[in-house]
1. What is the interface area between chains A and B, defined as buried accessible area summed over both chains with a 1.4 Å probe, reported in Å² to the nearest 100?
2. Taking each residue of B:169-180 in turn, how many C-beta atoms of other protein chains fall within 10 Å of its C-beta, and what is the average?
3. Sort A:55-65, A:134-144 by packing, meaning the average of other beta carbons within 10 Å per residue, with the highest value first.
4. Can you run the Rg to Rh ratio on chain A? Use alpha carbon positions and the Kirkwood inverse-distance Rh.
5. Using the C-alpha atoms of region B:200-258, what convex hull volume per residue, in cubic angstrom, is computed?
6. Given a 1.4 Å probe and every protein chain left where it sits, what share in percent of the accessible area of the protein assembly as shown is carbon and sulfur?
7. Quick one: which residues, 5 or more positions from A:Gln74 or on another chain, have an amide H under 5 Å from its amide H? H modelled 1.01 Å from N in the peptide plane, none for Pro or chain starts.
8. Taking each residue in A:141-148, count the Cβ atoms of any other chain within 10 Å of its Cβ, then average. What number comes out?
Amino acid sequence: MIESLEKVLVQHPFVEGLKPEHISLIVGCAKNVVFEPGKYLFKEGEDANSFYIIRSGKVALEVYSPEKGSIIIQTLDEGDIIGWSWMVPPYQWKFDARAVELTRVIELDGNCLRSKCEDDQSLGYEIMKRLANVFDNRISAMRMQLLDLFGKS
Amino acid sequence: MQAMIPSSYRIQKFIKETQDTFTIELKSIESKNGFTFEPGQFNMIYIYGIGEIPISISGDPNKSGILTHTTRAVGIVTKEMAKLKKGDIVGIRGPFGRPWPVREAVGNDIVIVAGGIGLAPLRPVIYHVLENREYYGRIILLYGARTPQDILFRKELEKFRSRLDIDIIVTVDRAIKGWTGNVGVVTTLIPRAPFDPINTIAMICGPEIMMRYTIIELIKRGLGKDKIYVTMERNMKCGIGFCGHCQYGTEFICKDGPVFSYKEIEHLFGKREL
Ligand SMILES: Cc1cc2nc3c(=O)[nH]c(=O)nc-3n(C[C@H](O)[C@H](O)[C@H](O)COP(=O)(O)OP(=O)(O)OC[C@H]3O[C@@H](n4cnc5c(N)ncnc54)[C@H](O)[C@@H]3O)c2cc1C
Ligand code: FES
């Protein structure tokens, strides 16, 4: 089981280039999970105990507004990761995540991953570098979204 | 056609595409010859008594009987244009400008990146490459719109997609629950788009900021600057390189463009003042 998870994990772009010993470490925190369409991976305000690596499917990140209902801020799919709130106190989700289609993910236990990153800081640095890359891309995309380029000028 | 004198065309069909965008199909009153053009060329459209503006041709280059333009109502002339109806007459000068490099692209994968109304000037490219499908590798259209309601040519995109020999990925900047497509800016689609960077020609049309970030992502994927084409918009008057209205550095957008390779205009692109 662990061995097959490792095989799946190494193919994901987020872990590409990670040393085999680091992959073995994080596989210890991983499990394979499937979400049916419409099911929530998590909801705003819940404890952020997990980090998700999407293998296939599509997930919508949403914020609920009483006036407008659920607003989709972004969708993520194969090759993407979801969430860094497991790493940042107070470890709570700031949005909802809903499977739009049948979605297969590798779920990493946030506590487990955090303690492995503390114990082996070279692993921690590798994870941080990869997350920084994700932050950079998401912030650039969000800036463009805020500019509302296709709106009325 | 005389370059400075408009010919009269009658509106055969007026199609409301989205809340602010419409398509007109025109037929010449003066001539029985069809209207031939190349993908990416534009016409100066004269709305009698109001003014004249450049609008790209959005129809099929293989069908010369009908001239098609798709326009977003943004200001004085385009808002008057939006009030036109079947049977009304407009003046046309054109076609003008350098087209998209559909011939140079033969043998390559084609990546078309469009934002908002930017899909209209690229639609003739889609018609052309699909009609000459065997000459091209993979064909990928990445299209970003503001909301699901703003997706242009939606039915036609669905029809193209059902051909299975073109990849069409659409994303919107914002949506509410119920939309099952992508949400996020169009540039986020580039890292995983299925093209071979060594043999690809990219054609981009949209707001300049969108084009800038699209170029960055395409270069990250390994595309050469000479393989990336954009179309530029500037105010125009004559449309034929006389008046200098559309000057962009040393180039005149109307006759040296509106399509340029990024390599040609890199030094001007995104500059505040020229
Ligand atoms: C080569 C070329 C091809 C073009 N092809 C198309 C096309 O196929 N379809 C199309 O809809 N437009 C196209 N345009 C843009 C179009 O020419 C302008 O939108 C039009 O000239 C605006 O005229 P107006 O009198 O309605 O607006 P104006 O009254 O001149 O402007 C009013 C307001 O609209 C804003 N505005 C002007 N142009 C734009 C714009 N392009 N986008 C957003 N806001 C704008 C101005 O900043 C101003 O605030 C093209 C432009 C060029 C140079
Ligand atoms: S519009 Fe007159 S020179 Fe280009």
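The values are calculated or read from the model by the stated rules, or taken from the named source; none is laboratory data. Quick caveat, the model's predicted, so the values are computed rather than measured. Neighbour counts run over all protein chains shown; Cβ positions are idealised from the backbone, glycine included. Heads up: the accessible areas ignore ligands, DNA and RNA and are worked out on the full protein's heavy atoms, side chains in. Shrake-Rupley method; radii C 1.70, N 1.55, O 1.52, S 1.80 Å.
1. Numbers: alone 9150 and 13490 Å², together 20400 Å².
In total, this chain pair buries about 2300 Å².
2. On the way: counts 0, 0, 2, 3, 11, 7, 8, 7, 11, 3, 4, 7.
Per-residue shielding by partner chains comes out at 5.
3. Working: A:55-65: 18.4, A:134-144: 14.5.
So the order, starting with the most tightly packed, is A:55-65, A:134-144.
4. Values: Rg = 16.1 Å, Rh = 16.4 Å.
The Rg/Rh ratio comes out at 0.99.
5. Values: hull volume 5.0 nm³, N = 59.
Hull volume over Cα atoms, normalised by residue count, gives 84 Å³.
6. 52
7. A:Leu61
8. Details: counts 7, 2, 3, 13, 6, 1, 5, 3.
Mean number of neighbouring Cβ atoms from other chains: 5.
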